[in-house]
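What follows is a set of notes on a single structure, which appears directly below.
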Amino acid sequence: MALPLVITVAPNGARRTKADHPALPIDPREIGLEAARCREAGAAMIHLHVRDAEARHTLDLDRYRAALAAVRREAGPEMICQVTTEAVGLYAPAEQMAAMRALKPEAFSVALRELFAEPEDEAAAGAFLAEQARAGVLVQHILYDAGDVTRFQGLVARGLIPLERASVLFVLGRYAVGQRSDPADLLPFLTAWNSEHHLDLPWALCAFGAREAACLVTAAALGGHARVGFENNLWRPDGSLAPGNAAQVASLAALARSIGIGVATPAQARSLFVGEE
């Protein structure tokens, strides 16, 4: 029987503003209310970005704590809250690690290319990830192409990335005018992932552009999970502007159910990431 689909909502990201979409949630109250709507629509996890007073990307601890409190207040205690360590050209690996050590989140995502930016970063990054695994944190490793997949597998083999409570996110596309990811773009990732170095970890997909839903339902059909939301795409499959993140979540949940795949609750998602049956 197919595993239920874990839907993560990424409601804002690091770059878009209300000029891109008036419903983009920026402040903690907006993020909390959006989390509640998306939880109701079928999201088990929220991927959190926070902004400074000028709506610019930040890893500020107080702003993270305010947003996390708002999600808990509005969406309840069950939804998994995953924060980002994304650098956006502003933060070095040491700063990213320091932020997570101080914040102590339940879950965070980190780009392989950022944490292991240079060979000399490996020792500190490996120690950090081992520490987070011992603390029981859910760590999602972001991989941008098949080369990242192969490098990730190599770092695991060398003992620099622990597998406890780990998962990966494959990213189709980038922020670019006219970006249009296609389901076939997933194939190089899966070819590398299912190589002789295959790791038995949960994997998920996010995709830029109006074919986001087609990419994500393809991932679901192939045993993966999905991240959906305004961070990556503002558009419905028909090319119209989506009214909000919750509509995108609900649409994906309906697509999954239409092909016989259930939608995971937060409790089911936690069990999957922890490695429990």
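The values are calculated or read from the model by the stated rules, or taken from the named source; none is laboratory data. What you are looking at is a predicted structure, and each value in this text was computed from that prediction instead of being measured. So basically every Cβ, Gly included, is an ideal-geometry build from the backbone, and we count neighbours across all protein chains shown. SASA here: full protein model, heavy atoms, side chains in, ligands and nucleic acids out. Shrake-Rupley method; radii C 1.70, N 1.55, O 1.52, S 1.80 Å.
A few notes on this one:
- Residue-normalised accessible area of segment 218-277, expressed per residue, 1.4 Å probe, Å²: 43 Å²
- Surface composition of segment 192-277: carbon plus sulfur atoms hold 53% of the accessible area, using a 1.4 angstrom probe and ignoring ligands, DNA and RNA.
- Candidates GLU30, GLU95, GLU118, ranked by Gaussian network fluctuation over the chain, Cα under 10 Å, top entry: GLU118
- Accessible area expressed per residue, segment 1-122, with surrounding protein chains retained (probe 1.4 Å, Å²): 42 Å²
- Percentage relative contact order, the chain, counting C-alpha pairs under 8 Å, at least six apart: 23 percent
- Positive-end residue of ALA36, TYR64, CYS215, charge dipole of the chain with Cβ unit charges: ALA36
- Helix-derived mean residue ellipticity, 222 nm - over the chain, DSSP H n ≥ 4, -39500 (n - 2.57), to 500: -12000 deg cm²/dmol
- The residue list LEU187, ALA19, GLN96 was ranked by how far each Cα lies along the charge dipole of the chain toward its positive end, using unit charges on Cβ atoms, and ALA19 comes out on top.
- For the chain, the Cα gyration tensor yields ellipsoid semi-axes of 25, 23, 18 Å (square root of five times each eigenvalue, largest first, whole Å).
- Length-normalised contact order of segment 126-277 in % [C-alpha pairs under 8 Å, at least 6 apart]: 20 percent
- Segment 1-52, accessible surface, carbon-and-sulfur percent (1.4 angstrom probe): 55 percent
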